[in-house]
Number of protein chains: 2
Amino acid sequence: MSTQFKVNPQPTFVDWSTGDLSGEGIEESVKTLGQLAGLFKDEAAWRSMDPVTEVYRVRFWRPVPEGTSGGLFWGATILQPGRVGDEYFMTHGHFHAIRDRAEYYATVKGTGAMLFMGEEEHTWSQTMKPGTVHYIPGKVAHRVVNTGHEPLVILASWHSDAGHDYASIRTKGFGKRMVVREGEPCLV
Amino acid sequence: MSTQFKVNPQPTFVDWSTGDLSGEGIEESVKTLGQLAGLFKDEAAWRSMDPVTEVYRVRFWRPVPEGTSGGLFWGATILQPGRVGDEYFMTHGHFHAIRDRAEYYATVKGTGAMLFMGEEEHTWSQTMKPGTVHYIPGKVAHRVVNTGHEPLVILASWHSDAGHDYASIRTKGFGKRMVVREGEPCLV
């Protein structure tokens, strides 16, 4: 009964130790290195790697249709450890199509960096470790970077009418990149 | 630097095993039995109990001011076990002032019931146990009931412009109550 489901979706389930989501209606999207052309600075290093290598997957729950005003979505992202040249594996990153929409990211497992970029390309970061909860204000692009040696697992909650603007990032990137310098992550 | 804080709030911290929140700017609100006059059906039982007994406390993080369009809040509720007569301890419950605003509740510890009530007083419930994630659609009042023997800890995420309408619940209550019947929770 789809009407019933819309009015009263059943609970889904999160494993607090792994971040894994399960339940009816969970969707999944996987991003491989081959799908992330142009994202990493060292294009020669990117070309030398296997394009089917998984960089991240997002599992998400949309209890109401995309674009619903006043609704919320819930998701889990698993970002693999790795580098392209000296640059850590990261998510594509996006602004929200409706610019003022905020979002929460909360780290379940792993270590990383949350990258923020304002509309004027000013870029800053916060350290991610299990338990950190990050508020992404409206009008701020956001990207996650895995600076550790195990998968980085985060939970997220965002507005169902926020939408995604990936094109701005594809065109101009972020103002800074997270790379390894003498074994440590460094924002350059 | 309050301007900096608004633009770039620092991460807060959640303990995934206890649900506890810590960090700069965490607020707390405590509700005692004495503050919940008229909420429970058995008024004689309520009067016989110590009014300073804690029923629940909410710890919450508002990185943007209440009423901000497009923003989100994050909170943790700790609901104690107990009963007033045959009725389990519960939160006050509310609609959102802006009626279409949804909310997520996610159970960290304990067992309970999530009560939902539509605007026509149709009332239903979902079982809460560690890991259940509950979507509260817009236009639906919501209340949490602790049906177990340990504190029920839940995390929540909601819109910063949702607001709270407690008055409708104070006046008319929910359509059903969660009571103990032969040792088991029962919605009557």
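Here, each number is a calculation from the coordinates, and none is a lab measurement. Values in this document were obtained by computation on a predicted structure and should not be read as measured data. Cβ atoms come from the backbone with ideal geometry, glycine included; neighbour counts cover every protein chain shown.
Which residues, taken from the range A:104-124, are more than 10 Å from chain B (Cβ to nearest Cβ) and touching a residue at least 40 places away in the same chain (Cβ under 8 Å)?
A:110, A:111, A:112, A:113, A:115, A:117, A:121, A:123
What number of residues in the range B:70-92 are under 11 Å from residue B:177 (Cβ atoms) and not β-branched (Val, Ile, Thr)?
Result for the range B:70-92: 5.
So, in the range B:45-66, of the ones that are over 19 Å from the mean Cα position of the chain (by Cα) and within 30 Å of residue A:160 (Cβ to Cβ), which residue ends up surrounded by the fewest Cβ atoms within 10 Å (Cβ to Cβ)?
Among those residues, the one meeting the criterion is B:65.
Among the residues of the range A:57-76, which ones are away from chain B (no Cβ under 14 Å) and among the polar types (S, T, N, Q)?
Once the filter is applied, which keeps residues that are away from chain B (no Cβ under 14 Å) and among the polar types (S, T, N, Q), the range A:57-76 yields nothing.
May I ask you to list the residues in the range B:152-178 that are surrounded by 18 or more Cβ atoms within 10 Å (Cβ to Cβ) and either assigned to a loop (DSSP other than H, G, I, E, B) or free of Cβ contacts under 8 Å to residues at least 40 places away in the same chain (or both)?
Hits for the range B:152-178 are B:160, B:161, B:162, B:173, B:174, B:177.
Every residue in the range A:152-188 that is away from chain B (no Cβ under 14 Å) and acidic (Asp, Glu), please.
A:165, A:182, A:184
Give the residue that is surrounded by the most Cβ atoms within 10 Å (Cβ to Cβ), with candidates limited to residues of the range B:77-102 that are in contact with a Phe, Trp or Tyr (Cβ under 9 Å, 6 or more places away or on another chain) and at the interface with another protein chain (Cβ under 7 Å from one of its Cβ atoms).
Checking each candidate, the answer is B:102.
Conditions (1) under 26 Å from residue A:108 (Cα atoms); (2) within 14 Å of another protein chain (Cβ to nearest Cβ), marked per residue:
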position: A:24; (1), (2): yes, yes
position: A:29; (1), (2): yes, no
position: A:34; (1), (2): no, no
position: A:37; (1), (2): no, no
position: A:40; (1), (2): yes, no
position: A:45; (1), (2): no, no
position: A:49; (1), (2): no, no
position: A:55; (1), (2): yes, no
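Quick one: count up the residues across the range B:131-151 that are facing another protein chain (nearest Cβ under 8 Å), in a loop (DSSP other than H, G, I, E, B) and touching a His at 6+ places or on another chain (Cβ under 9 Å).
So the answer is 1.
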